[in-house]
Amino acid sequence: MIVWINGAFGAGKTTTARELIELIPNSTLFDPEVVGGALGHLLPPKHLAEVGDYQDLPIWRRLVIDTAAAMLAELGGTLVVPMTLLRQEYRDEIFGGLAARRIAVRHVLLAPAETILRERIAGREVPEGLPDGEIRVRQWAYDHIEPYRSALASWLTADAYPVDNGALSPYDTAARIAEAVAAGSVPACDIVQTAEPTAETVAAGVLLFDEQDRVLLVDPTYKAGWEFPGGVVEPGEAPARAGMREVAEETGINLEEVPGLLVVDWEPPAPPGFGGLRLLFDGGRLQAADTGRLLLPGPELRAWRFASEAEAAELLPPVRYERLRRALRARERGRAMYLEAGVPVGP
């Protein structure tokens, strides 16, 4: 199990975490800032300079997941993680990656009043030896108050167990968290648990269109980037039927007819991924009544939308967009297409 302590800079996450590992038996502190510091030694300075925050590096998010999982495999018990996460897509990616490893995350939010946050930032000790260190570190913390406000207004308070520690010492804050975790008041985060593949997989996606011929895209919580409705084909399951099942689970729409095949794409392995076959089927055009029955995003989906081909080019990762582009051409011509790594092969 992981107890993830979230909150704005100055909320007291690290001091609370140090107290908490003394209150939860067999618990260990893991600070993801250590991973960020290591990347400063591993990645070229030019690459680091291209991002404003190491959280924006996919390698940081991947290493946080892998390191947390490895520590729990090595030590067992509970991992206490003090780390600010203010972007929902990063929260979903990290917590979803942990869920895929069957690791439950209890998400706690330290939420003192903003006036107290500002007081703590103003009085924060800054390491010596940094050029303009005091000004830069404090300004960094102040700059993140607005993103914190936005997260509070949209998803953060609904997702995490809040603790107002404005008038509490770190020990009292930790005691309150330990009590809530032990009592079951902090539930495991509602993230879909998609097991990490251990070999090549077959995945089936279904393209659904609105009356303007825009394609339906979904934004899954358990992986990064927009995608088509669909998922991994289970053992013994027909791929087209798997696509129909996934459409029903994700959107609430039950397709009456088996969709026709548009594209078979062989995705080569790209470590740590194993690759495999990716199939796209034509689910046809949805009527306005069907569109009105689309489910609101739940544990599996952060959002959904209809997109033109040009809009899809901006939303989808390049590999998925290339697969979509070929599928749209196959739909126009009425003939399925075989691809390898997104490139047509054969006549």
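Rolling a 1.4 Å probe over the heavy atoms of the protein chains gives region 201-344 an accessible area of 49 Å² per residue. Using a probe radius of 1.4 angstrom, the carbon and sulfur fraction of the accessible surface of the chain is 54%. The convex hull drawn around the Cα atoms of region 2-183, when projected onto a plane and averaged over every direction, covers 10.8 nm². Label point of Asp31 set 7 angstrom out along Cα-Cβ; within region 160-187, amide nitrogens under 20 Å from it belong to 169-175.
Could you compute how fast the chain diffuses translationally, taking Rh as the Kirkwood radius over C-alpha pairs and applying Stokes-Einstein at 37 °C with viscosity 0.692 mPa s? Give it in µm² per second. List each step's numbers first, then the result.
Details: Rh = 22.4 Å.
D, rounded to a whole number, is 146 µm²/s.
Once C-alpha pairs closer than 8 Å and six or more residues apart are averaged by separation and normalised to the residue number of region 2-183, the relative contact order reads 38 percent.
Compared with the dominant Cα axis of the chain, that is its longest principal axis, helix 133-143 is turned about 50°. Computed over protein heavy atoms with a 1.4 Å probe, the accessible surface of region 1-109 works out to 42 Å² per residue. Rounded to the nearest 20, the size of the Cβ-charge dipole of region 2-183 about its Cα centre is 300 debye, with Lys and Arg at +1 and Asp and Glu at -1.
Rounded to the nearest 20 debye, the dipole size of region 32-88 about its Cα centre is 100 debye, using +1 on the Cβ of Lys and Arg and -1 on the Cβ of Asp and Glu.
Residues of region 77-110 falling in the label zone of Glu50, defined by backbone nitrogen less than 20 Å from a point 7 Å along Cα to beta-carbon, are 90.
In nm², what is the average projected area of the convex hull enclosing the Cα atoms of region 201-344?
Numbers: hull surface 33.1 nm².
That works out to 8.3 nm², a quarter of the Cα hull's surface.
Relative contact order of the chain, taken over Cα pairs closer than 8 Å and 6 or more residues apart, is 17 percent.
Rounded to the nearest 5, what is the percent of antiparallel bridges among the DSSP beta bridges in region 201-344? Show your work: numbers first, answer last.
Numbers: 21 of 33 bridges.
Percent antiparallel among DSSP bridges in region 201-344 is about 65.
For region 201-344, averaging the sequence separation of C-alpha pairs within contact (under 8 Å, six or more residues apart) and dividing by the residue count gives a relative contact order of 32 percent.
Beta-bridge orientation, the chain: approximately 45 percent antiparallel, per DSSP, counting only bridges with both partners inside.
Return the FRET efficiency for the residue pair Arg87, Glu237: r is the Cβ-Cβ distance, R0 is 41 Å, and the value is rounded to the nearest 0.05.
On the way: r = 35 Å, r/R0 = 0.85.
FRET efficiency, Arg87 to Glu237: 0.75.
The values are calculated or read from the model by the stated rules, or taken from the named source; none is laboratory data. Everything numeric in this text was worked out from a predicted model, so none of it was measured. Note: ideal-geometry Cβ built from the backbone for every residue, glycine included; neighbour counts use all protein chains shown. Calculation scope for accessible area: heavy atoms of the full protein, side chains included, ligands and nucleic acids excluded. Shrake-Rupley method; radii C 1.70, N 1.55, O 1.52, S 1.80 Å.
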